[in-house]
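Engineer: Quick one: structure below, then a few questions.
The values are calculated or read from the model by the stated rules, or taken from the named source; none is laboratory data. Note that the structure is predicted; figures quoted are calculated from it, not measured. Neighbour counts run over all protein chains shown; Cβ positions are idealised from the backbone, glycine included.
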Amino acid sequence: MQDFSFIDGAIVLVYIAATMTLGIMVRKYVGRVEDFIVAGRGVNLHLGIASLAATEFGIVTCMYTAQNGFNFGFAGATPGILYCLSMLFIGLTGFCVNPLRNANVMTIPELFEKVYGSRVRWLAGLVIVLGGLLNMGMFLRVGGEFLVHFIGLPPQYLEITMTVLLIAVATYTIVGGMLSVLITDFLQFLVMSLGMIVVTILVLVSVGWSNMAEAVQAEHGAGGLNPIIHDELGPAWLIFNVFVALGGTLTWQVVVQRILASKDAKTGRRMYMGTSVFFICRFVMPGIWGIAALTILGVGAVDDSLHAMPTYLSGLLPVGIMGILLAAMLAADMSTNSSYMLSWGSVIYNDLMAPIHRNQWSERTGILVNRIIVGLIGAFLLFYGLWYELRGALWDYLALTGTIYFSSMLSLLIACCYWKRANNWGAYAAIIVGAVLPCSHLILGQIEATQEFADWIGAPIAGIAAFVGSGAAMVIGSLLKPQPPTEYAQQ
């Protein structure tokens, strides 16, 4: 392991100081709740692309994509390809995005009220917050583990590091909301891109593409390229990830919030197309780092495959480059954490608290409440990250917790936009089925007596069941309650 030098530390400190300064400076432009949540709906194409790319790549992203590369070879990048195809499809066709942006809402549940009623809006918001917070629960711990294995941070300082990272991100998010997130995302996108490109070039030069290909072939055989025939993946894993890609690009509040903040639906669609290729890069580049770790370290070199990539890079990168990469990883992590905290906070305020404020609070009060919510979310994430014990691959956990609301929100959104007979009975049924199945699998996996049963079912099967079951529940529930076609679905 290389020593983390004064030069590396200076690079990181300068970056963090610049980010904090920029994030706090925009506070004076936040005068309305709409400014705090969707930046006044004035986001242009290039800022939207940079923000969306930066938001969807954090330390946790780097860790799980590298783990996929280490565990599954090149086949581990399959989710990135599926995300890219999904975003291209949506961007080219405007599928669901056009009616969603044209509705001038700030969250997806707000749109649902137009078709399914206020109670469905509230329940949808609850499921989104539940799935989102559980999904984000691992972010701080994984970020801390990266620092432990990359710069040799003593493990006993992991909790302190998590707390410091959280306070730094929460500060400018609480102060400036979406405006701070967008401004800092742009800087973070530049630093993150530089770090990823430089490190990937060094890895390829140091290890060599042919050596990595041979290592993947030796460890995974043909399955290292084809997930369908991989011993640990297979058709169910592929099908599950197709659902996750579509659900993630259409209903993930963190992604959708950029579209809702865009100037118009056309700009939102172009954001999708402009960001689509990045979703391949975010899986492929760290995946290459994971494959390089497999090539150099071997399978038995680390107790947990999640730590293989940072362990490998700590011995490869020279002084200065370590600082650039760490700054890039912190950049990615700060943008991701700030966006996620703001997204779940906006749903809590806009949807779960709608029966309380009824849009009657002053702008000042609304902004204050949003800031308090973001702070409380940060506290929850800190304690959850310390408590929850991750079992299995990190990507499977993230995909399954996302499915808690991907499955039902996808059914509700498509039906809301394109099916005239959709109604609240179908919505209730879809939400319940879509949330119960993945939650049950997660709970069973944490109980010692049922862990083996949960492992036998597997996250992909539980996820597929949630998507299919939720869609069927929407159709059956709606047909059981005939009603006149909704005006919104006819548009």
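Engineer: In a helix (DSSP H, G or I) and closer than 18 Å to Ile128 by Cβ: is that true of Leu382 in this structure?
Structural biologist: On the way: in a helix (DSSP H, G or I): yes; closer than 18 Å to Ile128 by Cβ: no.
It is false that Leu382 is in a helix (DSSP H, G or I) and closer than 18 Å to Ile128 by Cβ.
Engineer: Working carefully through the options Leu92, Leu47, find the one that is at pLDDT 85 or above, part of a helix (DSSP H, G or I), surrounded by fewer than 24 Cβ atoms within 10 Å (Cβ to Cβ) and not basic (Lys, Arg). Reasoning before the result, please.
Structural biologist: Working: Leu47 fails: at pLDDT 85 or above.
Result of the check over Leu92, Leu47: Leu92.
Engineer: Report, by residue number, each residue of region 225-240 that is in contact with a Gly (Cβ under 9 Å, 6 or more places away or on another chain), in a helix (DSSP H, G or I) and under 15 Å from Phe283 (Cβ atoms).
Structural biologist: Pro227, Trp237
One line per residue, one yes/no per condition, for (1) of a type in the set (Gly, Ala, Ser); (2) over 25 Å from Phe278 (Cα atoms); (3) at pLDDT 80 or above; (4) assigned to a helix (DSSP H, G or I):
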site	(1), (2), (3), (4)
Asn98	no, no, yes, yes
Val127	no, yes, yes, yes
Ala170	yes, yes, no, yes
Thr173	no, no, no, yes
Asp185	no, no, no, yes
Leu190	no, no, no, yes
Ile197	no, no, yes, yes
Leu204	no, no, yes, yes
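Engineer: Would you mind stating whether Trp289 is at pLDDT 80 or above, among the hydrophobic types (A, V, I, L, M, F, W, C) and in a helix (DSSP H, G or I)?
Structural biologist: Numbers: at pLDDT 80 or above: yes; among the hydrophobic types (A, V, I, L, M, F, W, C): yes; in a helix (DSSP H, G or I): yes.
Yes, satisfied.
Engineer: Considering only region 254-294, state which residues are among the hydroxyl-bearing types (Ser, Thr, Tyr) and surrounded by fewer than 23 Cβ atoms within 10 Å (Cβ to Cβ).
Structural biologist: Selection gives Thr267, Ser276.
Engineer: Tell me, please, whether a residue that is basic (Lys, Arg), at pLDDT 85 or above and either outside any helix (DSSP H, G or I) or in contact with a strand residue (DSSP E or B) (Cβ under 9 Å, 6 or more places away or on another chain) (or both) can be found in region 270-281. Outline the logic, then answer.
Structural biologist: Initial filter on region 270-281 (basic (Lys, Arg)): 270.
Those still in the list that are at pLDDT 85 or above too: 270.
Pick out the ones that are also either outside any helix (DSSP H, G or I) or in contact with a strand residue (DSSP E or B) (Cβ under 9 Å, 6 or more places away or on another chain) (or both) and you get 270.
Within region 270-281, one or more residues are basic (Lys, Arg), at pLDDT 85 or above and either outside any helix (DSSP H, G or I) or in contact with a strand residue (DSSP E or B) (Cβ under 9 Å, 6 or more places away or on another chain) (or both).
Engineer: A further question follows. Does region 332-344 contain at least one residue that is acidic (Asp, Glu) and touching a Pro at 6+ places or on another chain (Cβ under 8 Å)? Step through it out loud before you land on a result.
Structural biologist: Of all residues in region 332-344, those acidic (Asp, Glu) come to 333.
Subsequent filtering for residues that are touching a Pro at 6+ places or on another chain (Cβ under 8 Å) retains none.
No, every residue in region 332-344 fails to be acidic (Asp, Glu) and touching a Pro at 6+ places or on another chain (Cβ under 8 Å).
Engineer: I would also like to ask the following. List, please: which pairs have Cβ atoms under 6 Å, are six or more places apart or on different chains, and start with a residue in region 308-333 that is without any contact (Cβ under 8 Å) to a residue 60 or more places away in the chain and end with one that is surrounded by 24 or more Cβ atoms within 10 Å (Cβ to Cβ) and part of a helix (DSSP H, G or I)?
Structural biologist: Tyr312/Ala293
Engineer: For residues in region 374-384 being aliphatic (A, V, I, L, M), more than 29 Å from Ala77 (Cα to Cα) and surrounded by 15 or more Cβ atoms within 10 Å (Cβ to Cβ), which is modelled with the highest pLDDT?
Structural biologist: Ile377
Engineer: With the checklist (1) among the hydrophobic types (A, V, I, L, M, F, W, C); (2) more than 16 Å from the chain's Cα centre (by Cα); (3) at pLDDT 75 or above in hand, flag the one item Trp387 doesn't pass.
Structural biologist: The one condition Trp387 does not meet is (3).
Engineer: Would you be able to say whether some residue in region 410-433 is at pLDDT below 85, over 25 Å from Gly287 (Cβ atoms) and of a type in the set (Ser, Thr, Tyr)?
Structural biologist: For region 410-433, residues at pLDDT below 85, over 25 Å from Gly287 (Cβ atoms) and of a type in the set (Ser, Thr, Tyr): absent.
Engineer: Test each condition in (1) part of a helix (DSSP H, G or I); (2) under 21 Å from Leu100 (Cα atoms) for Ala422 and report the one that comes out false.
Structural biologist: (1)
Engineer: In addition: What number goes with the only condition from (1) surrounded by 24 or more Cβ atoms within 10 Å (Cβ to Cβ); (2) assigned to a loop (DSSP other than H, G, I, E, B) that Lys481 does not pass?
Structural biologist: For Lys481, the failing item is (1).
Engineer: Quickly run through region 302-312 and pick out the residues that are surrounded by fewer than 24 Cβ atoms within 10 Å (Cβ to Cβ) and in contact with a helix residue (DSSP H, G or I) (Cβ under 7 Å, 6 or more places away or on another chain).
Structural biologist: Step one: list which residues in region 302-312 are surrounded by fewer than 24 Cβ atoms within 10 Å (Cβ to Cβ), which gives 302-307, 311.
Once the filter is applied, which keeps residues that are surrounded by fewer than 24 Cβ atoms within 10 Å (Cβ to Cβ) and in contact with a helix residue (DSSP H, G or I) (Cβ under 7 Å, 6 or more places away or on another chain), region 302-312 yields Val302, Ser305, Leu306, His307, Thr311.
Engineer: Looking at Ala332, Ala354 in this structure, which one is touching a Gly at 6+ places or on another chain (Cβ under 7 Å), aliphatic (A, V, I, L, M) and either under 19 Å from Ile372 (Cα atoms) or modelled with pLDDT under 75 (or both)? Walk me through it before giving the result.
Structural biologist: On the way: Ala354 fails: touching a Gly at 6+ places or on another chain (Cβ under 7 Å).
One residue alone meets the criteria, Ala332.
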